[in-house]
Each structure stands twice: as structure tokens, then as C-alpha cells.
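Have a look at the structure below, then the notes.
The values are calculated or read from the model by the stated rules, or taken from the named source; none is laboratory data. Since the model is a prediction, treat every value here as computed from it, not as a measurement. Heads up, the Cβs are rebuilt from the backbone with ideal geometry, glycines too, and the neighbour counts pull from every protein chain shown.
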């Protein structure tokens, strides 16, 4: 399903994040509801998505993950593939074996570790396209990546390339970071503990924004 892109003004906003391995301290986990109603959604990402989930891929999701707040009320986050430190190439290798295919929507929030590793944006774009083709969901929601305070210009560069990619592929582009990011592209106070990973309040805001995008 083709969805309208974000307003062009979004490109002027400073954008987002990196991630290595773990995120927040341990938090309660929620098991994704079994299939049966609403949109069946899988997510592919890194530690921004997995946070400290005990088994994100199988749908046991920490409340430090945005996915816990995108879940419910017509949306079933069934898991997917998300691991700390993963670059988009790692994600592509991972989804080939493990991500369910019989789903309605793929949410892609990926590229933070590519930014840290100086992977060219063109390579990231090719990997994102290959991930989407491998999963084969009829609808793809492409998310911007969150802030990473130490490498804001590189985050902005990657996020700035996403609108054209989404338009070219017919994906829905979503920027769920507007409530956690300041005008310079850094995390707002209380939205991170390390300048890289969203705090639980930030994860809630990201998840709520993605839920609105999924159901709107």
C-alpha cells in the first residue's frame, strides 16, 4: 500500500541514532498476542528495536522497546529480527532464515550501526530494499533512525536519503522521532541515558507514533 510521505519540511529536521548492543536496564517483557485479529506486523532492526527483550524475534518484547507500545489495539507485533550491534547487512542475512512471511506489514528501523561503521548510504539503501523483498510483506513502513548525539550529521545524511527510497519503492515513510529530538537533531532531556539508545519514555513515544502510522 502506498502511503503519503512526510512533508518535505521533515528533511530540514536534524535526524537520528546509532546502537551497539544492550539498551536499558532489565524491564518487564510482554508476549505478543497470538495471530487472530488486526494487522500482523514484524519488525527488523537493531538494539533500538530489541532493547533488552529476552527474545524479540519470537515476540517476547521488553517494555524498553518501542514495539511494546506499537503493539495492541489492532496491531500485533509478532517479533521479527532485531539484534544489538546489527548492521543492515546482518539483518538481511538474519531475515532470510527466521522472519515470518505471512504478515501484513514490515517495519524497518535500520541503519544506526551502519552510520557508526561508515557504511555508504547507497549500500544501506540496497540492503533495506533486499530485506523488504526477502520478507515480502505487502506493506512496508520505513522508519527514520533515532538521534545519536555524537554523530548527528551522519544520522541526518542517512535519514535525508530515506524519503526518496520510500517513494521509489512505494513504502510508507514515518518519522516517529519528532517528540524525542530537538531542533539540532539531538535527544531531548530524559529521552536517552547514553546519547544513543532511547530511554523507556522515548521508546513509548516512538512506539505510539508508529502505532498511529500503522493504524491511521
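Within the stretch 136-162, the residues that satisfy the criterion of being within 15 Å of the chain's Cα centre (by Cα), assigned to a helix (DSSP H, G or I) and touching a residue at least 24 places away in the same chain (Cβ under 8 Å) are 155, 158, 159. Would you call residue 128 modelled with pLDDT of 95 or more, closer than 19 Å to residue 113 by Cα, assigned to a helix (DSSP H, G or I) and in contact with a strand residue (DSSP E or B) (Cβ under 7 Å, 6 or more places away or on another chain)? Spelling it out, residue 128 is indeed modelled with pLDDT of 95 or more, closer than 19 Å to residue 113 by Cα, assigned to a helix (DSSP H, G or I) and in contact with a strand residue (DSSP E or B) (Cβ under 7 Å, 6 or more places away or on another chain). Residues that are loosely packed, with under 15 Cβ neighbours inside 10 Å and not in a helix (DSSP H, G or I) occur in the stretch 168-176; there is at least one. Residue selection: residue 113 satisfies the criterion of being surrounded by 20 or more Cβ atoms within 10 Å (Cβ to Cβ), under 20 Å from residue 52 (Cβ atoms) and either at pLDDT 95 or above or more than 14 Å from the chain's Cα centre (by Cα) (or both). Specify the residue that is nearest to the chain's Cα centre (by Cα); the eligible residues are those in the stretch 186-199 that are surrounded by fewer than 21 Cβ atoms within 10 Å (Cβ to Cβ) and touching a residue at least 60 places away in the same chain (Cβ under 8 Å). Looking at residues that are surrounded by fewer than 21 Cβ atoms within 10 Å (Cβ to Cβ) and touching a residue at least 60 places away in the same chain (Cβ under 8 Å), I get 199.
Taken over the stretch 67-113, the residue count meeting the criterion of being under 14 Å from residue 46 (Cα atoms), out of contact with any strand residue (DSSP E or B) (no Cβ under 7 Å at 6 or more places or on another chain) and part of a loop (DSSP other than H, G, I, E, B) is 6. With respect to residue 165, determine if the residue is modelled with pLDDT of 95 or more, under 15 Å from the mean Cα position of the chain (by Cα) and not in a loop (DSSP other than H, G, I, E, B). No: the conditions fail for residue 165.
Scanning the stretch 40-66 for residues that are assigned to a helix (DSSP H, G or I) and closer than 25 Å to residue 115 by Cα returns 47, 48, 49, 50, 56, 57. Apart from one condition, residue 139 fits all of (1) farther than 17 Å from residue 197 by Cα; (2) out of contact with any strand residue (DSSP E or B) (no Cβ under 7 Å at 6 or more places or on another chain); (3) surrounded by fewer than 23 Cβ atoms within 10 Å (Cβ to Cβ); the exception is (2).
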